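Chemist: Right, I'll just put the structure down here and ask away after.
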Amino acid sequence: MNSASETERILPLLNEDIVRHIVEIIYHAEIQPPWSRMAELARVSKLWSRQVQPVLYAHVSIQSLRQMDLFLTSTNPETKRGRELGSAVRILSTTIYSTGYRTRIMSTNLPDLLSRCSALYELRLVLEDVLGFGERVIEDLKRTSPPILALRIRDGISGGSAVRELLQVWPTLKHLSLRSTSFAQSAPEDDEPSPPFHLYEFRWEGIRPLSVQSLLWLLNYDQGRLNGAHLRVLHLASMPENDHDGELASYYGRFLHSLRIPHPNRRLLESAQQIRELVLFDHKDITRELLRSLPPEVQHIAFSIQDFPSDSVENILMMRDRQFLKNLRVISVYRQSIKPWPVYWDRLVARAEALGILMVRQEHRGLLVGGTEDLVATTSFPRRVTIRQFDRMAAAVNTLPAIYTEVDSRDQGFQLLAPPERSRESLSNRSGNSGSRNSPSTHGHRTIHLDEPSHAPRQWDYVYDKPLEPIKLDDPVDLQASHQSRWGTIRRSIDAFKTRVKETRAK
């Protein structure tokens, strides 16, 4: 085989890998991925289209009836293209209104949207003055929607039962994020059944604190204990009211891997001896006493400071230098000042690098409390929004028919078990139709076809035996260094690719 034919055989594979790296770098270049720029890349060639389309369609945002109509048309389950576009979606975002106008999406439209998303992982909902969904809509959601793993709900209404109704739809939920005025203001009734799920992660992002009763009702400790499914990630923007007996710490503290709270809570920190991430997003004084109380498994510490110089960073580096916090990998700092970061920061970064620690400065408080995260199970903190997360979402959805079990720390993959022989209450049998894509009215990709096969309908008649635990994510330190080192190789490869294209066209 001559060198020319060997080059023709290897070059497409090399180029595809290079394109993948380029797409990753563009995706990570900004806080919000540049969707319009990526849409242009998808039109370059079939090679680029194969790499860009799954990322482009992974997160769909539908905010008007026009976008919804285009979405339903493009994801027609009667066509192969519609099924392929639908199966690419991992995250669906939409806003639901109580009254319908020409441009508004109502609650009755939600089952139709979800029925097209066969491999949906996360649903993000904003409820505008929605008091309730009604029995018929809830039954349609149970019947037609896919078994999602992550749910985010935002509302600002002071009454109604819409949030509580939605929480009864998906027994498969593992990640829940709430910022709901209606949920905070109304405590559950004594005879009201708890949600049918047991969570891996709960995030309360409301300003008004929840009551301990509402929090325990939502987290459903008894069901989680019976199934061996323990809460691993707890995020509380405001600490619960009336927790005088330390119920939150006694029930959940010893199982937590990530704790995000405004200020240190003595009982929680004393009980949380397995945590790998501590985020104190309104706390400005990280003392040595606090650091001594943390277990050696801590990988990530995040906090805010007023300005430099700060004893908090110095204390962390000093304790690390004294062989405490041996597994610490990342320090995230949010500075409450509009002044430029001083030269003093550069000295701290150099000192941290010598200890093998990445120092990350956050310009916005929202980034400190999870603005750059995807809701996925993990054993490595902090999490990040990455292209590889979409692959992990797809893997998690595809394993839903089997039973999750605890995975040994040496094996960071999924371990699937056969369903137990003993009878137990199963989930409602449901099958997804098809999926979705990114907003057609915004990006106009109606002529682009996905190359991945569509997912066949599946019956969801098993339940979780153990929590989704874990998937090991990319090390942020390695990820940044890898992206920086790839640029030179990518530039040289692009030049070689252009030369090859010119030679091919000349022939």
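The values are calculated or read from the model by the stated rules, or taken from the named source; none is laboratory data. Quick caveat, the model's predicted, so the values are computed rather than measured. So basically every Cβ, Gly included, is an ideal-geometry build from the backbone, and we count neighbours across all protein chains shown.
Chemist: Quick check on the range 172-220: of everything there that is in contact with a Pro (Cβ under 9 Å, 6 or more places away or on another chain) and among the hydroxyl-bearing types (Ser, Thr, Tyr), which residue is nearest to Pro146 (Cα to Cα)?
Modeler: Thr172
Conditions (1) at pLDDT 80 or above; (2) in contact with a Ser or Thr (Cβ under 6 Å, 6 or more places away or on another chain); (3) of a type in the set (Gly, Ala, Ser), marked per residue:
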site	(1), (2), (3)
Leu13	no, no, no
Glu16	no, no, no
Glu40	yes, no, no
Lys46	no, no, no
Pro54	no, no, no
Val60	yes, yes, no
Leu70	yes, yes, no
Leu85	yes, yes, no
Ser118	yes, yes, yes
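Chemist: Looking at the range 134-166, which of the residues that are of a type in the set (A, V, I, L, M, F, W, C) and more than 19 Å from Ile91 (Cβ to Cβ) is modelled with the lowest pLDDT?
Modeler: Ile157
Chemist: For the range 35-42, does any single residue satisfy the condition of being outside any helix (DSSP H, G or I) and either within 30 Å of Leu141 (Cα to Cα) or in contact (Cβ under 8 Å) with a residue 60 or more places away in the chain (or both)? Give the derivation first.
Modeler: Of the range 35-42, the ones outside any helix (DSSP H, G or I) are 42.
Subset that is either within 30 Å of Leu141 (Cα to Cα) or in contact (Cβ under 8 Å) with a residue 60 or more places away in the chain (or both): 42.
For the range 35-42, residues outside any helix (DSSP H, G or I) and either within 30 Å of Leu141 (Cα to Cα) or in contact (Cβ under 8 Å) with a residue 60 or more places away in the chain (or both): present.
Chemist: Does Leu92 satisfy being in contact with a Leu (Cβ under 6 Å, 6 or more places away or on another chain), buried (at least 21 other Cβ atoms within 10 Å of the Cβ) and not small (Gly, Ala, Ser)? Let's see the steps before the verdict.
Modeler: Numbers: in contact with a Leu (Cβ under 6 Å, 6 or more places away or on another chain): yes; buried (at least 21 other Cβ atoms within 10 Å of the Cβ): yes; not small (Gly, Ala, Ser): yes.
The answer is yes for Leu92.
Chemist: Sticking with this one: Please work out if Ser177 is under 23 Å from Leu131 (Cβ atoms) and either of a type in the set (S, T, N, Q) or not assigned by TED's automatic domain parsing to the domain that holds Ile153 (or both). Please lay out each step first, then the result.
Modeler: Numbers: under 23 Å from Leu131 (Cβ atoms): yes; either of a type in the set (S, T, N, Q) or not assigned by TED's automatic domain parsing to the domain that holds Ile153 (or both): yes.
Yes, satisfied.
Chemist: Among the residues of the range 333-348, how many are under 31 Å from the mean Cα position of the chain (by Cα) and within 17 Å of Asp311 (Cβ to Cβ)?
Modeler: 7
Chemist: Considering (1) touching a helix residue (DSSP H, G or I) at 6+ places or on another chain (Cβ under 6 Å); (2) closer than 27 Å to Ala394 by Cα, say which one Phe133 fails and leave the rest.
Modeler: Only one criterion in (1) touching a helix residue (DSSP H, G or I) at 6+ places or on another chain (Cβ under 6 Å); (2) closer than 27 Å to Ala394 by Cα is unmet by Phe133, namely (2).
Chemist: Take the residues in the range 321-335 that are surrounded by fewer than 21 Cβ atoms within 10 Å (Cβ to Cβ) and without any contact (Cβ under 8 Å) to a residue 40 or more places away in the chain, then tell me which one is farthest from Arg288 (Cα to Cα).
Modeler: Checking each candidate, the answer is Arg335.
Chemist: Go through the residues of the range 303-317 one by one and say whether even a single one is surrounded by 15 or more Cβ atoms within 10 Å (Cβ to Cβ), over 26 Å from Ser271 (Cα atoms), of a type in the set (S, T, N, Q) and modelled with pLDDT under 90.
Modeler: Yes, the range 303-317 contains a residue that is surrounded by 15 or more Cβ atoms within 10 Å (Cβ to Cβ), over 26 Å from Ser271 (Cα atoms), of a type in the set (S, T, N, Q) and modelled with pLDDT under 90.
Chemist: What's the total number of residues in the range 156-212 that are farther than 28 Å from His244 by Cβ, outside any loop (DSSP other than H, G, I, E, B), within 20 Å of the chain's Cα centre (by Cα) and free of Cβ contacts under 8 Å to residues at least 60 places away in the same chain?
Modeler: 1
Chemist: Moving on to the next point. Just to be sure I understand, how many residues within the range 67-122 are farther than 20 Å from Ala396 by Cα and assigned to a helix (DSSP H, G or I)? Reasoning before the result, please.
Modeler: So the first thing to find is which residues in the range 67-122 are farther than 20 Å from Ala396 by Cα, and the list is 67-82, 94-113.
Within this subset, residues satisfying the condition of being assigned to a helix (DSSP H, G or I) are 67-74, 80-82, 107-113.
Result for the range 67-122: 18.
Chemist: Inside the range 262-289, can you point out the residues that are surrounded by 15 or more Cβ atoms within 10 Å (Cβ to Cβ) and among the hydroxyl-bearing types (Ser, Thr, Tyr)?
Modeler: Ser271
Chemist: Give the residue that is surrounded by the most Cβ atoms within 10 Å (Cβ to Cβ), with candidates limited to residues of the range 362-392 that are acidic (Asp, Glu) and modelled with pLDDT of 75 or more. Outline the logic, then answer.
Modeler: Looking only at the range 362-392, we keep the residues that are acidic (Asp, Glu), and these are 363, 373-374, 391.
Right, trim to modelled with pLDDT of 75 or more and you get 373-374, 391.
Details: Glu373: 18, Asp374: 23, Asp391: 13.
Out of the qualifying residues, it is Asp374.
Chemist: When only residues in the range 179-210 that are within 15 Å of Tyr251 (Cα to Cα) and not aliphatic (A, V, I, L, M) count, which is surrounded by the most Cβ atoms within 10 Å (Cβ to Cβ)? Break it down into steps so the answer makes sense when it comes.
Modeler: Within the range 179-210, the first condition is being within 15 Å of Tyr251 (Cα to Cα), and the residues that meet it are 198-202.
Add one more test, that the residue is not aliphatic (A, V, I, L, M), and what stays is 198, 200-202.
On the way: His198: 26, Tyr200: 28, Glu201: 23, Phe202: 21.
Selected residue: Tyr200.
Chemist: Kindly indicate which of Leu259, Leu234, Leu248 is part of a helix (DSSP H, G or I) and either crowded, with 18+ Cβ neighbours inside 10 Å or among the charged types (D, E, K, R) (or both).
Modeler: Values: Leu259 fails: part of a helix (DSSP H, G or I); Leu234 fails: part of a helix (DSSP H, G or I).
Residue meeting the stated conditions: Leu248.
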